[in-house]
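A.B. asks: Take a look at the following structure, please.
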Amino acid sequence: MDITAQQNLVHQTRDARRAIDFPKLSPAERDALIKKYHPDHRGHAYRPIKFGPNAGDSTVKEVATLLEGDSTIPADFNLTPEYSVDVLVVGGGGAGCAAALHAHAAGANVLLATKLRLGDSNSVMAQGGMQIAVGPDDSPVQHFLDTLKGGHMKNDHDLLKVMVEEGPSIGQWLLELGVLFDRQSDGNLHVKKGGGSSKARLLTCSDYTGLEIMRVLKDEVLNQKVPLLEFGAVVELLSDGNGSCTGAVLQDLDNKRHVVVAAKTVILATGGIGRLHIQGFPTSNHYGATGDALVLAYRMGVPLVQIDTFQYHPSGGVYPEQLVGALVTEGIRSEGGHLVNAKGDRFVNELDTRDVVSSSIIKECEEGRGVRTAAGRSGVWLDTPLLDVAHGPGTLDKHFPAMVRQYERYQVDIRKDPVLIYPTLHYQNGGVKIDVKGETPAPNLFVAGEASGGLHGRNRLMGNSLLDLMVFGKRAGQTAAERAKSLPQGTLTLDHVAKFREEAKRHHVSSGLTSPMVLPAYTRQV
Amino acid sequence: MANDSSTPQQFTEQASEIQAQMVTVEIEGKPFQVPAGVTLMKAMWYAGKEVLRGAGCLGGFCGACAAYYRTKDDPKVKTCLACSMAVEDGMSFSFMPAFPARKAIYNLQEIKDPKQDLFELYPEAPLCRNCNACTEACPQKIDVREGVWKAVFGDFKAVSDMFMDCVMCGMCAPVCIADIAPNLVAVYASRAQGVHFTEKPEGLAQRIKKIADGDYQKDWDRVLQLSDEELQNTTASIT
Ligand SMILES: Cc1cc2nc3c(=O)[nH]c(=O)nc-3n(C[C@H](O)[C@H](O)[C@H](O)COP(=O)(O)OP(=O)(O)OC[C@H]3O[C@@H](n4cnc5c(N)ncnc54)[C@H](O)[C@@H]3O)c2cc1C
Ligand code: SF4
Ligand code: SF4
Ligand code: FES
């Protein structure tokens, strides 16, 4: 059957589907579904890490291999620094920009190094919004409880409490920088309801929330003249030989030259892991999402937390082929869009948490109720036209201009036809262990944003990441700047790398693979 | 459709084995055979080219992949985002190099009269000669020329609405005969709109005050002393 014929079934069943209310699953049903279908529970994709701070812990093979990989920096590397700074911020996404701005404002001498251009990141793509408890019927405590539930009760309570309590003042900071959040007619912030949240709590800038925030933060980084090194990828950290971080080695990707930076403090804000294509999944992530901070911190002896759990966003594109893996905004489901299988039936409450919805989509496809494309992929329908039917013509144009455009480019009109989706690798739930100031167990090494772990438990709630970036970017930036004031620059050594190499030898790991990956190898060997 | 079990759906950025049909495209003036229907970005990779400058979000949001293209026999050179456009047979394309547009430096909090200051920060803005090249160059289909005039006439609200779609690809700047970088003018106007001409949300201020005053302390005390099991039960009842 061609795609058009299958789409017709969605149109035909729309009215009948609207008449029924699809209940959310009970906790026991949720658990059973996830255990059976969620990719986090596919044992064959996992293996124990052989050595290092998380020795024996299980994670996906793609991550384990990189963690055990060798440094690209030889033992006799010349460590004469080219830069000497108070705070080295690594990564030009939301967390990195926030950290750099706050460290700079606190008087520190900052260098912001990033792999691609400033702002080329996951942050710029966030469409759904940012959770902050601002509604009159909402509270930070409610935000805390919702997030805990979404994270399967595994969230770090201290980190989480800090995030939800500082949310409103972060909202204020962004407004003061000129971020244009959507408003109600009375001037208050407009809030939308996100999957897994009990209250409407998502602040949005139409469906360009991340783009708007990043346009503003980037502009401010440039206005503040924060020294920048674009196309500068961190490939190794430096230590004083006693476990404290003292700088980093970057590689200038334009000319491949290495650049040594002496830094009193280092903040890693390098984001997620989508481009590792864990378990063969396509991804919604940017080109540089290769989990570099995990590798760098691990080699410094810093443990990772919940590094066995990843978020597969329920709605990744399946058709047309150009959109495979691309994120289809969750907003469609928030506004009442149905998920429909090849038989024309709904099969899950669309507003359940991401892990539940993704598991149920995988279940439909594995049990033969998926829709197949000519390219051999399968997926389920997301009934986009339903939004214009339910809320009036023009709803999609007004609230989802980015998505309308995303499909229009390939001659698909989401106002007329539903789109096919399948889970896409989206987010690293866990990450580098940090405390409430964003500092890792290795003194003077901070991690902020998606690269860090603990806050989101085993499943991040929609919209909590953007808040996480701003809160912990700020905390790391301010703490690092403060620390640097009274801290002498430590010596620059590669002792931790030497130690790591010895351990690798002892565990007979000699894959020859080096890490961090820096960029995925997409170029075909011709 | 009996055996639909395809998880994990093996993924490849090159998509070569499922795209049997090949087309010929010209990249920077040189012909290459690439699978039909892939994005310009994937065509680059398929052609064996490393992409560093030119790739960013890969999702149509960051503007890193600004490209010029022309379709077969059509003299018109158009613009696109290479990560979000499909190749077709006979197409020619090249990436846009970084363009050295001047960004003004300002402190928005300290600016007193943002609409007047626009003329000091971007004195070229009012010199727009209405050629409309910027609008034609915009891959996001923003009416850029109109936006420049709205900024000049002080309608910053309109500018902020019009440029919400702007991915800062910068393609509107090299074409401008008045040396205006419309996207940078728009960022200034939009931010000024937010900082100086938008209501302060009352509810947010109240929430911040309540948190500072410790109004939620009782709730926190109650929640934080719950055992794991009690917490689980509390959250289970959330709908
Ligand atoms: C498509 C999409 C939509 C999303 N929507 C939402 C949403 O609506 N709400 C929400 O809350 N969250 C959302 N998320 C999640 C959220 O956007 C990300 O988790 C968040 O932006 C991560 O921010 P970050 O600053 O930690 O990392 P990023 O924004 O990814 O930035 C990391 C930066 O570090 C750089 N970098 C990486 N490695 C190195 C290195 N070795 N050296 C130097 N630089 C390096 C990268 O190039 C990049 O600039 C979405 C994510 C995606 C992918
Ligand atoms: S306005 Fe200019 S920078 Fe913005 S999207 Fe259009 S061409 Fe690109
Ligand atoms: S390209 Fe320059 S001169 Fe022409 S309309 Fe746009 S802003 Fe005006
Ligand atoms: S790579 Fe970001 S818009 Fe194309």
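A.B. asks: Tell me which strands (runs of 3 or more DSSP E) are completely within segment A:215-278 and hold 1 or more residues being over 19 Å from B:Arg53 (Cβ atoms), or say none if there are none. Working first, answer last.
C.D. replies: Values: elements: A:228-230, A:232-239, A:245-252, A:258-268.
Correct list: A:232-239, A:245-252, A:258-268.
A.B. asks: Please pick out the residue among A:Gly187, A:Gly135 that is in contact (Cβ under 8 Å) with a residue 24 or more places away in the chain, of a type outside the set (A, V, I, L, M, F, W, C) and at the interface with chain B (Cβ under 10 Å from one of its Cβ atoms).
C.D. replies: Values: A:Gly187 fails: in contact (Cβ under 8 Å) with a residue 24 or more places away in the chain.
Step by step, each of A:Gly187, A:Gly135 is checked, and only A:Gly135 is in contact (Cβ under 8 Å) with a residue 24 or more places away in the chain, of a type outside the set (A, V, I, L, M, F, W, C) and at the interface with chain B (Cβ under 10 Å from one of its Cβ atoms).
A.B. asks: For a quick check of your reading of the model, give me the residue pairs whose first member lies in segment B:154-167 and is within 7 Å of chain A (Cβ to nearest Cβ), whose second is surrounded by fewer than 17 Cβ atoms within 10 Å (Cβ to Cβ) and in a loop (DSSP other than H, G, I, E, B), with beta-carbon atoms closer than 9 Å and at least 6 apart or on different chains.
C.D. replies: Going by the 9 Å Cβ cut-off, the qualifying pairs are B:Asp165/B:Lys141.
A.B. asks: Just need a number here: residues in segment A:138-152 that are modelled with pLDDT under 95 and either within 16 Å of ligand 4 (Cβ to nearest atom) or open to solvent by 20 Å² or more (accessible area, probe 1.4 Å) (or both).
C.D. replies: Residues that pass the stated criteria total 2.
A.B. asks: Out of A:Val302, A:Val318, A:Val324, report the one residue that is modelled with pLDDT under 95 and open to solvent by less than 10 Å² (accessible area, probe 1.4 Å).
C.D. replies: The conditions single out A:Val318.
A.B. asks: Residues that are assigned to a helix (DSSP H, G or I) and free of Cβ contacts under 8 Å to residues at least 40 places away in the same chain: does segment A:10-18 have at least one? Show your work before the answer.
C.D. replies: Pass one, segment A:10-18, residues assigned to a helix (DSSP H, G or I): A:10-18.
Next, only the ones that are free of Cβ contacts under 8 Å to residues at least 40 places away in the same chain stay: A:15-16.
So far as segment A:10-18 goes, yes, one or more of its residues are assigned to a helix (DSSP H, G or I) and free of Cβ contacts under 8 Å to residues at least 40 places away in the same chain.
A.B. asks: Out of segment B:213-239, which residues are assigned to a helix (DSSP H, G or I), at the interface with chain A (Cβ under 9 Å from one of its Cβ atoms) and surrounded by fewer than 15 Cβ atoms within 10 Å (Cβ to Cβ)? First the steps, then the outcome.
C.D. replies: Narrowing segment B:213-239 to residues assigned to a helix (DSSP H, G or I): B:217-224, B:228-236.
Then drop every residue that is not at the interface with chain A (Cβ under 9 Å from one of its Cβ atoms), which leaves B:219-220, B:222-224, B:228, B:231-232, B:234-236.
Hits for segment B:213-239 are B:Arg222, B:Leu224, B:Asp228, B:Ala236.
A.B. asks: Pick from segment B:18-31 the residues that are assigned to a strand (DSSP E or B) and in contact with a Lys or Arg (Cβ under 9 Å, 6 or more places away or on another chain): which of them is most open to solvent (accessible area, probe 1.4 Å)?
C.D. replies: B:Glu26
A.B. asks: Also, I was wondering about something else. With respect to B:Thr135, determine if the residue is open to solvent by less than 50 Å² (accessible area, probe 1.4 Å), within 17 Å of B:Cys176 (Cα to Cα), outside the structural domain of B:Asn183 (by TED's automatic domain parsing) and within 16 Å of ligand 3 (Cβ to nearest atom). Don't jump to the end; show me each part of the working.
C.D. replies: Values: open to solvent by less than 50 Å² (accessible area, probe 1.4 Å): yes; within 17 Å of B:Cys176 (Cα to Cα): yes; outside the structural domain of B:Asn183 (by TED's automatic domain parsing): no; within 16 Å of ligand 3 (Cβ to nearest atom): yes.
Here the answer is no, as B:Thr135 does not meet what is asked.
A.B. asks: Considering segment B:81-111 alone, what residues qualify as being surrounded by 15 or more Cβ atoms within 10 Å (Cβ to Cβ), in a loop (DSSP other than H, G, I, E, B) and under 19 Å from the mean Cα position of the chain (by Cα)?
C.D. replies: B:Met85, B:Met96, B:Ala101, B:Lys103
A.B. asks: Shifting gears a bit: Do you know which of the residues in segment B:112-132 that are surrounded by 16 or more Cβ atoms within 10 Å (Cβ to Cβ) and assigned to a helix (DSSP H, G or I) is nearest to ligand 3 (Cβ to nearest atom)?
C.D. replies: Among them, the one singled out is B:Ala125.
A.B. asks: Follow-up question, since we're still on this one. Could you list, in sequence order, all residues of segment A:398-412 that are at the interface with chain B (Cβ under 7 Å from one of its Cβ atoms) and out of contact with any Pro (no Cβ under 7 Å at 6 or more places or on another chain)?
C.D. replies: Taking segment A:398-412 first, the residues at the interface with chain B (Cβ under 7 Å from one of its Cβ atoms) are A:401, A:406, A:409-410.
Residues satisfying the conditions are A:Pro401, A:Gln406, A:Arg409.
A.B. asks: Would you check if B:Phe61 is open to solvent by less than 50 Å² (accessible area, probe 1.4 Å), at pLDDT 95 or above and part of a strand (DSSP E or B)? Even if it seems obvious, please write down each step before you answer.
C.D. replies: Values: open to solvent by less than 50 Å² (accessible area, probe 1.4 Å): yes; at pLDDT 95 or above: yes; part of a strand (DSSP E or B): no.
Against the criterion (open to solvent by less than 50 Å² (accessible area, probe 1.4 Å), at pLDDT 95 or above and part of a strand (DSSP E or B)), B:Phe61 does not qualify.
A.B. asks: Out of the residues in segment A:314-332 that are in a loop (DSSP other than H, G, I, E, B) and more than 10 Å from chain B (Cβ to nearest Cβ), which is farthest from the chain's Cα centre (by Cα)? Talk me through it step by step, then tell me what you get.
C.D. replies: Step one: filter segment A:314-332 for residues in a loop (DSSP other than H, G, I, E, B), giving A:318-320, A:324-326, A:328-330.
Keeping just the survivors that are more than 10 Å from chain B (Cβ to nearest Cβ) gives A:319, A:328-330.
Numbers: A:Tyr319: 23, A:Val328: 15, A:Thr329: 14, A:Glu330: 15 Å.
It comes out as A:Tyr319.
A.B. asks: Right, next: From the list A:Gly210, A:Gly171, pick out the single residue that is modelled with pLDDT of 95 or more, under 18 Å from the mean Cα position of the chain (by Cα), within 8 Å of another protein chain (Cβ to nearest Cβ) and part of a helix (DSSP H, G or I).
C.D. replies: Unique residue meeting the criteria: A:Gly210.
A.B. asks: Checking A:Gly196 against (1) in a helix (DSSP H, G or I); (2) within 11 Å of another protein chain (Cβ to nearest Cβ); (3) buried (at least 23 other Cβ atoms within 10 Å of the Cβ), only one condition comes out false. Which one?
C.D. replies: (1)
A.B. asks: Kindly check whether there is at least one residue in segment B:155-171 that is open to solvent by 20 Å² or more (accessible area, probe 1.4 Å), part of a loop (DSSP other than H, G, I, E, B) and touching a Lys or Arg at 6+ places or on another chain (Cβ under 7 Å).
C.D. replies: Yes: one or more hits.
A.B. asks: Could you check segment B:40-55 and list, in sequence order, the residues that are buried (at least 22 other Cβ atoms within 10 Å of the Cβ) and within 12 Å of ligand 4 (Cβ to nearest atom)?
C.D. replies: B:Leu40, B:Met41, B:Lys42, B:Met44, B:Gly54, B:Ala55
The values are calculated or read from the model by the stated rules, or taken from the named source; none is laboratory data. None of the values given here were measured: they were computed from a predicted structure. FYI the Cβ positions are ideal-geometry reconstructions off the backbone, even for glycines, and counts take in every protein chain you see. For accessibility, only protein heavy atoms count, side chains too; no ligands or nucleic acids. Shrake-Rupley method; radii C 1.70, N 1.55, O 1.52, S 1.80 Å.
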